[in-house]
1. Take residue 275 and tell me if it is part of a helix (DSSP H, G or I) and open to solvent by 30 Å² or more (accessible area, probe 1.4 Å).
2. Listed residues 235, 220; which is within 27 Å of the chain's Cα centre (by Cα) and either modelled with pLDDT under 95 or outside any helix (DSSP H, G or I) (or both)?
3. Within region 62-145, which helices (runs of 4 or more DSSP H) (wholly inside it) include 3 or more residues that are within 19 Å of the chain's Cα centre (by Cα), among the hydroxyl-bearing types (Ser, Thr, Tyr) and within 19 Å of residue 190 (Cα to Cα)?
4. In region 24-47, which residue that is part of a loop (DSSP other than H, G, I, E, B) and either over 30 Å from the mean Cα position of the chain (by Cα) or crowded, with 16+ Cβ neighbours inside 10 Å (or both) is modelled with the lowest pLDDT?
5. Please find, among 224, 208, 286, the residue that is closer than 30 Å to residue 106 by Cβ, without any contact (Cβ under 8 Å) to a residue 40 or more places away in the chain, open to solvent by 30 Å² or more (accessible area, probe 1.4 Å) and polar (S, T, N, Q).
6. Inspect all residues belonging to region 3-23 and state whether any of them is at pLDDT 90 or above and assigned to a loop (DSSP other than H, G, I, E, B).
7. Could you check, for region 253-266, whether at least one of its residues is farther than 28 Å from residue 294 by Cβ and out of contact with any strand residue (DSSP E or B) (no Cβ under 9 Å at 6 or more places or on another chain)?
8. Looking only at residues that are among the aliphatic types (A, V, I, L, M) and open to solvent by less than 60 Å² (accessible area, probe 1.4 Å) in region 231-256, which one is farthest from residue 283 (Cα to Cα)?
Amino acid sequence: MAPKFPGSVEELRAAGNERFRNGQYAEASALYGRALRVLQAQGSSNPEEESVLYSNRAACHLKDGNCRDCIKDCTSALALLPFSIKPLLRRASAYEALEKYPMAYVDYKTVLQIDNSVTSALEGINRMTRALMDSLGPEWRLKLPSIPLVPVSAQKRWNSLPSENHKEMAKSKSKETTTTKNRVPSAGDVERARVLKEEGNELVKKGNHKKAIEKYSESLLYSNLESATYSNRALCYLVLKQYKEAVKDCTEALKLDGKNVKAFYRRAQAHKALKDYKSSFADISNLLQIEPRNGPAQKLRQEIKQSLH
C-alpha cells in the first residue's frame, strides 16, 4: 500500500471530520475543500470518495446556516453517486429551512424509497405534508415536482458498502427501525394512512396490484398499527407470486391482530406455494378455530392434507 503523504486526501478528510466533531464547521469545510482539490488534481476517478467529501462539506454549510451552498454540494455529491442517503437528507433539510417544501418533500420521499425506516425522513415527510397542505391546499400532491423512482440496485447498494460506512449505516438503521416501531402516529398521520389504504383498496378492485402495494406501503409509513393494511398488501404479494413478502406481511398483521382471519388464510396460501405444508396446515387450523365454518379454509385444509401425505 502506498504511504500517505502530508496533506493526502485521507488525512485532510480525517482532519475535517475531527474539526466537525469539535463544532469547528468553517475549518472543517475548508479541509474538505482542500481534500476535493487534491483528489481532483490527481485526475484519478474516485466518485465515491469525491461524493463523500461534497456531502461532508454540505453538512458544514448546513450547520452554519448556509443552505444554498449546502444544496449545491449535495447536488454535486448526488451527481457522482446517485441515491446516497446522507446528501439527500442534508439537501432536504436545507430546502426545508429555505421553505422550499415541495423540493424537500421529494428528497425525503426519495430517501424512504431507499430505506423506509429512516426516522428523520419519516418525520420530514410528516412536516412537509402539513406545510404543503397549509400552503397549497388539498390538491398539493398534484403540484409536486416528479419524484424519482429509485432502482432496486440503489436500494441494494447499502448492503455492500465499505466496512466503515456499512457499520455506521447498520448501526443507524437499527436505531431508526427501533424508533420507528416505537413512534406513536399523530391523529393526522392515522387519517392520512387511512386515506392511502382506501386508495390501495380501490387499486386492488381495478386489478392494479403493483400500484396498490405502493399505496399500502405509503400508508404504513404514516401509521404501521393497522393490521388490515398488512394483510391487504399480502394479498397483492400473493397475486404477484411474491410469497415470502406475503408471509412477512401476514406475520406483521397477526402481531397486531391475532384473529385476523384473512392474514391466517393468506399466510397459509403463501406457505403452501412455498411448499411449507406444515406451516400452512398450522395457519389454516388456527383460522378454523376462529371460524369453524369458513368454506374456503376447509377446502384449503383438504388440499394441504393431500400434500402432506
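The values are calculated or read from the model by the stated rules, or taken from the named source; none is laboratory data. The shown structure was predicted, so the numbers you read here are calculated from the model rather than taken from an experiment. Neighbour counts run over all protein chains shown; Cβ positions are idealised from the backbone, glycine included. Side chains included, ligands, DNA and RNA excluded: accessible areas come from the protein's heavy atoms. Shrake-Rupley method; radii C 1.70, N 1.55, O 1.52, S 1.80 Å.
1. Considered against the rule, which asks whether it is part of a helix (DSSP H, G or I) and open to solvent by 30 Å² or more (accessible area, probe 1.4 Å), residue 275 comes out as no.
2. That would be 220, the only listed residue that is within 27 Å of the chain's Cα centre (by Cα) and either modelled with pLDDT under 95 or outside any helix (DSSP H, G or I) (or both).
3. Hits in region 62-145: 119-136.
4. Here is the first cut: in region 24-47, the ones part of a loop (DSSP other than H, G, I, E, B) are 24, 43-46.
Narrowing the set further to residues that are either over 30 Å from the mean Cα position of the chain (by Cα) or crowded, with 16+ Cβ neighbours inside 10 Å (or both) leaves 24, 43-44.
Details: 24: 93, 43: 77, 44: 67.
The selected residue is 44.
5. 208
6. Yes, because at least one residue in region 3-23 is at pLDDT 90 or above and assigned to a loop (DSSP other than H, G, I, E, B).
7. No: region 253-266 contains no residue that is farther than 28 Å from residue 294 by Cβ and out of contact with any strand residue (DSSP E or B) (no Cβ under 9 Å at 6 or more places or on another chain).
8. Step by step, filter region 231-256, then rank; the result is 240.
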